[in-house]
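Data block below; observations after.
The values are calculated or read from the model by the stated rules, or taken from the named source; none is laboratory data. Everything numeric here is computed off the predicted structure, so don't read it as measured data. Every residue, glycine among them, receives a Cβ derived from its backbone with ideal geometry; neighbour counts consider all protein chains shown.
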Amino acid sequence: MGGRNEVAAFGRTLRRARRERDLSQDALALRAGVGVKHLSDLERGNKEPRLVTFLRLAAGLGLTGAELMALYESAEDRETPRPPAEAPPLPGSDTPTN
């Protein structure tokens, strides 16, 4: 992770995984051994998880670290906008854009 968009995408993935398991933030925080506020910050993309926290969250969700990472990566792939194949010329432009 690292970039702001990646951290936000992970937060959305974490929230979706928690809700799919019908867990409240309190329940997941207790299972994972993290604070509820910290979990909330992670889900909102305000903080990037350290490796230990990432692994605790995965365990709290009943996943391995690899499974949680795969969920994150698949969500990130769906959210990444694809650039257009070729940019259209600018209005009034006399020179080609390529």
Flagged in segment 46-81 as in contact with an Asp or Glu (Cβ under 9 Å, 6 or more places away or on another chain) and either modelled with pLDDT under 90 or part of a loop (DSSP other than H, G, I, E, B) (or both), in numbering order, are K47, E48, L61, Y72, E76
All-but-one check, M1 against (1) surrounded by fewer than 18 Cβ atoms within 10 Å (Cβ to Cβ); (2) at pLDDT 95 or above, failing number (2)
Residue among R50, R31 that alone is farther than 20 Å from R4 by Cβ and either out of contact with any His (no Cβ under 6 Å at 6 or more places or on another chain) or hydroxyl-bearing (S, T, Y) (or both): R31
Has segment 82-93 got any residue that is among the hydrophobic types (A, V, I, L, M, F, W, C) and modelled with pLDDT of 60 or more? yes
Given the residues S24, S40, which is the only one that is surrounded by fewer than 14 Cβ atoms within 10 Å (Cβ to Cβ), at negative phi and either among the hydroxyl-bearing types (S, T, Y) or at pLDDT 95 or above (or both)? S24
